[in-house]
Structures are given as structure tokens and as C-alpha cells.
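Notes to accompany the following structure.
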Amino acid sequence: MGLLSPWWLLAGVVGAGLPVWLHLLQQHKQDPVEFASTMLLEKRTESTTYQRRLKYKLLMALRLLLLLLIALAFAQPYLSKPPAILNAGNTLHIVVVDNSFSMREGDRLAAAKSEATSALPTAAAAQVWSLGSHVSYLSQTSKDRGELTGAINSIGASDEKSSFAELSRALRDSARSNSRPLKVTFVTDAQRTALPPSFADLSLEPGSELKVVDIGRKLANYTIEAVNAPKTLSDLSKAKVNVTVAGINAPAAKKTVVLKVNGRSLATKTVEVPENGRATVEFTGLEGPYGWLRGEVEISDSDALSDDNRFYFAVEKADPRKVLLIEEQRSTRAGFYFKAALESSAQSFFAVEELSAGAAAAANLSNYAFVVLNDPGVNIKGIETTLRKYVESGGTIWIAAGPQSAAMPTIPVAGFTSGGSKVASRGTWRFFAPANVDPTFPSLRRTGRLEGVRFFQFASITAPEGALVAARLEDGSPLLIEKIMGEGKVLVFASTFDNISNDLPVKPGFVPFVEQTADYLGRVEDRANSFLVDSYLDLRSDQKRASSVEVIGPKGDRALSLKEAAAANTLRLTEAGFYDVRRENDRQELVAVNVDRRESALEPVGKENLQLWEQSGRGAAAAGGQPAGLDSPAPESQSFWWWVAVAAFLALMAESFLSARFLQVKA
């Protein structure tokens with residue numbers, strides 16, 4: 001028992017002296033007696049002795065009780081009781097089966113389901129979960145053994161990586177939400193790679209009992225660890241595919257590696273893998289029709305976990321994509337410099353087509369990888385609406401803002417406010433040098449921060465809020481600005497591509513600048529060859545704009561519902577294989593997904609680590625070596641001041657009745 005306001009009780013004890021004073025000290029009264037004379041009385045020493053006795057003892061007791069009860073009620077008494085989570089009579093049994101990718105080895109999953117069925121309680125409430133990188137809840141809380149057994153039998157091996165930290169988090173949430181202790185049986189192969197970096201992530205709520213059934217064993221395994229292949233090619237004969245083969249807890253061995261495209265074997269090579277090491281093999285040349293190719297590298301030899309002996313990658317075969325260059329001033333050399341820089345690269349995948357603004361009005365812009373506006377002026381106003389729609393639906397535009405663009409109130413399409421042209425003079429500024437260049441921006445990664453480049457004339461542009469300024473000049477003016485518009489983007493370069501406004505075209509960084517920007521705007525660079533299972537694929541960049549995205553999964557089914565296809569921004573990749581993504585404007589992409597290769601390490605966790613995990617929910621006394629930082633649940637307090645107030649009210653009624661009876665004045 002405890003008191004929230006103990007001073008009230010002390011005040012009540014002091015106040016209890018009032019009834020004692022009334023019933024004891026104030027009860028003796030000596031009334032004077034009239035007498036004629038005292039002269040005839042004998043003189044002697046008078047001894048006056050009287051005994052003070054309590055009167056109306058029951059009434060005084062009620063008054064004392066009333067004061068003490070009032071003081072106790074204001075002191076707010078409470079009783080401490082153990083938290084509900086420690087109530088052993090309210091235990092929830094949870095059976096968890098590890099169905100991560102490594103459980104595909106041999107009969108691990110079948111053995112795990114058998115152990116899980118044996119762990120089901122006879123007549124107690126239980127739930128069935130499965131664990132990969134996320135926890136899946138396969139049944140409601142039920143005492144029906146048939147229902148629970150059916151949930152266990154429905155578990156199949158997934159392509160996900162196991163995460164013990166995710167299981168502990170789910171168990172903590174379940175213990176807190178149910179306010180009851182948990183008795184958990186976790187059947188797993190206990191892979192070492194499933195442990196989190198910090199043991200504190202495995203802590204359970206006090207009162208939770210965990211039993212880990214380890215069915216794993218250490219085995220030698222070989223796997224395709226990585227594949228490096230081109231993303232897009234027009235000539236597949238020049239393709240180079242580099243493959244890394246790894247041996248995990250395995251002796252040295254020779255392995256046969258097969259390269260396949262669209263299910264057809266193209267080449268076979270043998271590689272010697274050192275003990276617990278890696279070896280690389282290179283394939284030259286691919287074959288296949290135009291479009292997306294489903295590439296696959298496979299180890300033909302069998303081992304402990306054969307499902308990780310293949311690795312998927314996607315390659316697009318297509319003719320060089322066209323880039324539309326719109327310009328009006330054919331007398332400048334800007335178009336020549338831009339076209340030469342873009343087509344001079346050996347890895348270039350683009351071909352430049354030049355059109356005027358009037359001719360571009362009839363062109364189908366979706367046929368171009370991106371559009372370049374070289375110093376657009378008033379003539380571009382006729383197709384500005386078309387260009388804006390092209391960008392908002394997923395297209396990209398690169399604008400070189402020269403004197404014509406700077407003379408307009410706003411930069412066409414982008415809508416940036418223009419402050420006119422700024423020209424270097426022989427006074428304060430002879431030229432303007434780049435400053436604050438972001439080397440991580442895709443266009444500037446191999447340009448050496450544009451060092452040594454001089455700008456003699458540029459457009460003074462005000463970058464709006466939300467735009468990305470990747471480079472500035474030394475006076476603080478934006479030089480390279482990116483703005484997201486709908487599903488696409490606009491990149492504004494505040495100068496021209498000729499050697500009049502600047503000398504960038506004759507500098508070594510010009511070709512990498514144009515090449516990298518083309519790859520970025522043409523979406524060649526931002527596409528990966530493969531993703532890992534449980535990663536997320538971006539479906540749209542503009543979350544507010546309604547556009548439909550269709551995704552076909554590895555098994556040929558739709559990965560998105562109709563509602564998700566219209567509104568989802570990302571897609572969680574849950575299976576290994578190929579996802580066919582079809583976006584707006586007939587843009588198609590083939591996404592290859594592979595299992596996290598950490599699942600290939602078939603080495604279990606040490607028994608001592610599993611024991612510490614099991615003990616983390618049993619309290620400090622039982623845990624012994626339990627890590628610091630695990631808090632015990634605080635006892636729950638139950639207040640009963642209301643009942644004390646009721647008792648005080650009853651005492652008041654009794655006191656009123658007795659006082660009216662015993663203390664009434666007699667006539």
C-alpha cells in the first residue's frame with residue numbers, strides 16, 4: 001500500500017485530537033452553590049479530587065474515525081499489484097517458424113514445421129507466425145489445434161533474409177498490446193547473419209519466455225555473389241559480363257558457370273574457387289532480340305543450397321536513342337559542340353536529331369530520350385504547352401539559357417524568373433568562375449568541379465523554392481538548376497554550349513559533362529541491373545499526380561491491385577526473378593531481383609548467444625549475464641480512495657445519529 005499525498009494523513013492524525021479534547025478535557029464543569037454564611041463551618045484543609053472520565057465513547061470513536069477517513073481519502077491511498085504481463089495464468093503461446101531463403105536447404109522447412117506442430121499447446125490460446133525479413137501473422141489467437149496446424153502447414157519458403165531483430169520487435173509489441181506474458185517457440189536454422197549488430201535489439205519484454213529450436217547446421221556452400229553487366233546496348237557483341245563466384249565455409253573446388261539469355265545457354269566456363277574465397281569469370285558477347293533481355297548466370301554443379309546458384313540481370317538491346325535538339329540560331333556552333341560531345345563517346349547510346357521549334361510541333365516527343373532546348377526564345381512559346389505536358393508525363397528537358405532566354409521574363413518551360421544577361425567586363429569581373437559545385441550530382445561527377453572554366457556571359461536566374469541548385473558561379477548566381485515537374489524533370493544550364501559565352505566546350509570536362517547529363521536525363525544511369533529481395537522500387541516521382549503503373553511479377557501475376565497501380569509510390573520486391581514494369585508514355589522496364597547473398601552463409605549462431613536471447617525476457621535475476629538497459633515493468637497501482645470516501649460518509653451518518661440521541665438537551 002502507498003499514499004500519493006501522505007501529508008494529508010498527518011494532518012488527519014493531528015486533527016483527531018479535537019474529539020479527545022471535547023470528550024475528556026471539556027467535560028468537567030463545577031456549578032457554584034449559594035450558601036448563607038461560612039462562619040459556622042469548621043475550618044480545615046480542603047482536598048478537591050475528581051477523576052476525569054470519557055463520556056460517549058462510541059460517539060468519540062465515530063468522530064475519530066470520520067476525521068481519519070477524510071484525511072486518508074485526501075492522501076489518495078493505492079495498492080501495488082504485479083503488472084498484468086506477469087500474470088502467468090494469462091499466457092499467450094506463439095509458435096514462430098523461420099521461412100527465410102536459407103530454409104530451402106534440404107528438408108529444413110519440413111523439419112521446422114514438424115517441430116512447430118509439436119510445440120502447439122494442448123488447450124491454451126496460441127498464434128502462428130512466420131519470419132523472413134518481416135513477421136507474417138498466419139492465424140488469430142485460437143485454441144483450435146486444427147486451425148493452428150493448418151496455419152503451420154501453409155508456410156512455404158520465401159526469398160527473404162531472416163531478421164531476429166524484427167522478430168524481437170514484433171514480440172515486444174505483442175506483449176505490450178496484449179498485456180499478457182508470452183511463451184514463444186521459435187523454430188529456425190539460427191543463421192549467424194540473422195543477428196542484429198546490437199544485442200539490445202533482441203531484448204524481450206520481462207515476463208516473456210522464449211525457446212529457440214535450432215535445426216540448423218554448418219554446411220559448405222557455393223554461390224553466384226555478384227554479376228556486373230551492361231544496362232543498355234545497341235551492339236550486344238561488345239557486352240562484357242563479369243561474374244563473382246564465392247565459396248562460403250567451403251573447400252577449394254572447380255565450378256562450371258553457365259551464361260543464359262532468355263532461357264538459352266550462350267556460354268560455359270570453368271572457374272577455380274579457392275577455399276573460403278572468391279573467383280571471377282568474364283563472358284564476352286550476348287545474343288538476343290531487340291528489347292529487354294532476361295539474363296541469368298548459373299552454377300551447374302549442385303551444392304548444399306542450389307537455389308542460390310543463379311543470379312538474374314536485365315539488359316536492354318535497342319538502337320541508339322534519339323535526342324531532340326531544338327534551336328533557332330543555326331549560325332552558332334552550340335549544336336555542333338553538343339552533338340560532337342554526345343556522339344564522340346565510345347559508350348554513347350544517343351543520336352542527335354536537330355529540329356526548329358516549328359518543326360518540333362509535329363514531332364512525337366515520346367520517341368525521344370530527352371529534349372534539348374538551345375537558347376529558346378519567343379519562338380518556343382508555340383510549343384511550350386506541349387513541352388510541359390511531355391515533362392509532366394515523365395519526359396526530361398535540358399535547357400541552355402543563352403541571351404535569348406535571358407531576355408524573356410521567365411525561362412521557357414521551367415518558369416524560372418530571369419534577371420537578364422550578366423556580362424563580364426574589364427572592371428570588377430573579367431570572367432566568372434564556377435563555385436559551390438556539387439560533385440555528387442550526376443552531371444558533375446567526372447567534370448573536376450568545372451575547374452578552369454570561364455563564363456563571360458550567363459543568364460541571371462532566380463532559383464525557386466524546391467529547385468536543386470547543383471552549381472553556382474563565384475558571385476552566387478545559379479549555374480545548373482534542376483526542377484521536378486510531375487513525373488519528369490527540367491535541367492537548366494545558365495549559359496550556352498558554344499565557345500562565346502563560355503569556354504566550357506573547349507575544356508576537357510565538356511564531354512563528360514554532356515555524356516553524364518545525357519545518361520541521367522535519358523534514364524540510363526539511374527537504372528540498376530538488379531535489386532535485392534525486400535528492397536523498394538520507385539514507381540512514380542510525383543505523389544500528387546495520378547498516373548497508372550502496371551507491374552507483372554516473376555510468376556506472371558499482377559504485383560499491384562487496380563487501386564495500388566493508380567496510387568502506390570513504391571513497390572516492395574518480395575520474390576527473386578523478373579518484374580515487368582510499364583509506366584506512362586509506354587515506358588517499359590525489366591527489373592531483375594535477387595536474394596540477399598547473406599542467406600547463403602549456412603553457419604548457425606553460437607549456443608551461448610541463443611541462451612542470452614532466451615533469458616532476455618526472464619528478468620535480471622534469472623538472466624545473470626543479461627545486457628544492461630532492459631527495464632523491468634513497473635508495478636501497477638490501484639487507487640481505492642473512493643471506497644475510503646464512502647466509509648467516511650457512513651461514519652458521518654452514524655455520528656449524526658448518535659449525537660442527536662446522546663446530546664439532546666433535556667427539559
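The values are calculated or read from the model by the stated rules, or taken from the named source; none is laboratory data. The structure displayed is predicted, hence computed values, not measured ones. Counting neighbours? That spans all protein chains shown, and the Cβs are built from the backbone with ideal geometry, glycine included.
In segment 194-223, the residue that is surrounded by the fewest Cβ atoms within 10 Å (Cβ to Cβ) out of those that are over 28 Å from the mean Cα position of the chain (by Cα) and not in a loop (DSSP other than H, G, I, E, B) is Lys211. Among the residues making up segment 478-523, those that are crowded, with 21+ Cβ neighbours inside 10 Å and of a type in the set (Val, Ile, Thr) are Ile481, Val490, Val492, Thr496, Val514, Thr517. Just one residue in the set Val245, Val297, Val257 is part of a strand (DSSP E or B), in contact with a Leu (Cβ under 9 Å, 6 or more places away or on another chain) and at pLDDT 90 or above; that residue is Val297.
Okay, residues lined up against (1) touching a strand residue (DSSP E or B) at 6+ places or on another chain (Cβ under 6 Å); (2) hydroxyl-bearing (Ser, Thr, Tyr); (3) under 18 Å from Thr517 (Cα atoms):
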site	(1), (2), (3)
Glu296	yes, no, no
Ser300	yes, yes, no
Tyr312	yes, yes, no
Glu316	yes, no, no
Val323	yes, no, yes
Glu327	yes, no, no
Leu342	yes, no, yes
Ala363	no, no, no
Tyr368	yes, yes, yes
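Go through segment 354-375 and report how many residues are in a helix (DSSP H, G or I), polar (S, T, N, Q) and in contact with a helix residue (DSSP H, G or I) (Cβ under 8 Å, 6 or more places away or on another chain).
Selection size over segment 354-375: 1.
For Arg454, are the conditions met, namely being of a type in the set (Lys, Arg), surrounded by 13 or more Cβ atoms within 10 Å (Cβ to Cβ) and either closer than 16 Å to Glu474 by Cα or not assigned by TED's automatic domain parsing to the domain that holds Ala361 (or both)? Judged against the criteria, Arg454 is a match.
If I go through segment 143-193 residue by residue, how many of them are without any contact (Cβ under 8 Å) to a residue 24 or more places away in the chain, surrounded by fewer than 18 Cβ atoms within 10 Å (Cβ to Cβ) and over 18 Å from the mean Cα position of the chain (by Cα)? Break it down stepwise before answering.
Of the residues in segment 143-193, the ones without any contact (Cβ under 8 Å) to a residue 24 or more places away in the chain are 143-144, 146-147, 150-151, 154, 173, 177.
Then drop every residue that is not surrounded by fewer than 18 Cβ atoms within 10 Å (Cβ to Cβ), which leaves 143-144, 146-147, 150, 154, 173, 177.
Keeping just the survivors that are over 18 Å from the mean Cα position of the chain (by Cα) gives 143-144, 146-147, 150, 154, 177.
Qualifying residue count, segment 143-193: 7.
Restricted to segment 314-351, and to residues there that are of a type in the set (Val, Ile, Thr) and modelled with pLDDT of 90 or more, the residue that is surrounded by the most Cβ atoms within 10 Å (Cβ to Cβ) is Ile326. Of the numbered criteria (1) buried (at least 23 other Cβ atoms within 10 Å of the Cβ); (2) of a type outside the set (A, V, I, L, M); (3) over 23 Å from Glu384 (Cβ atoms), the one Asp475 fails is (1). For segment 614-627, check the following and say yes or no: at least one residue is basic (Lys, Arg) and at pLDDT below 90. The answer is yes, given that some residue of segment 614-627 is basic (Lys, Arg) and at pLDDT below 90.
With Gly452, Gly486, Gly509 as the choices, which residue is in contact (Cβ under 8 Å) with a residue 60 or more places away in the chain, at positive phi and of a type outside the set (A, V, I, L, M, F, W, C)? Let's see the steps before the verdict.
Numbers: Gly452 fails: in contact (Cβ under 8 Å) with a residue 60 or more places away in the chain; Gly509 fails: at positive phi.
It is Gly486.
Is it true that some residue in segment 400-418 is surrounded by fewer than 19 Cβ atoms within 10 Å (Cβ to Cβ), small (Gly, Ala, Ser), modelled with pLDDT under 90 and assigned to a loop (DSSP other than H, G, I, E, B)? No: segment 400-418 contains no residue that is surrounded by fewer than 19 Cβ atoms within 10 Å (Cβ to Cβ), small (Gly, Ala, Ser), modelled with pLDDT under 90 and assigned to a loop (DSSP other than H, G, I, E, B). Which number in (1) buried (at least 22 other Cβ atoms within 10 Å of the Cβ); (2) part of a loop (DSSP other than H, G, I, E, B) marks the one condition that Phe311 misses? Condition not satisfied by Phe311: (2). Any residue that is more than 21 Å from Ala112 (Cβ to Cβ), within 29 Å of the chain's Cα centre (by Cα) and outside any strand (DSSP E or B) - is there at least one of those in segment 227-237? Yes, segment 227-237 contains at least one residue that is more than 21 Å from Ala112 (Cβ to Cβ), within 29 Å of the chain's Cα centre (by Cα) and outside any strand (DSSP E or B). Looking across segment 240-260 at every residue that is surrounded by 20 or more Cβ atoms within 10 Å (Cβ to Cβ) and closer than 25 Å to Tyr290 by Cα, the one that is nearest to the chain's Cα centre (by Cα) is identified as Val243.
Considering every residue within segment 592-605, establish whether at least one is closer than 30 Å to Thr188 by Cα, surrounded by 14 or more Cβ atoms within 10 Å (Cβ to Cβ) and either modelled with pLDDT under 85 or among the aromatic types (Phe, Trp, Tyr) (or both). No, every residue in segment 592-605 fails to be closer than 30 Å to Thr188 by Cα, surrounded by 14 or more Cβ atoms within 10 Å (Cβ to Cβ) and either modelled with pLDDT under 85 or among the aromatic types (Phe, Trp, Tyr) (or both). Only one of the numbered conditions (1) farther than 24 Å from Tyr368 by Cα; (2) surrounded by fewer than 16 Cβ atoms within 10 Å (Cβ to Cβ); (3) under 31 Å from the mean Cα position of the chain (by Cα) is violated by Asp534, and that is (2).
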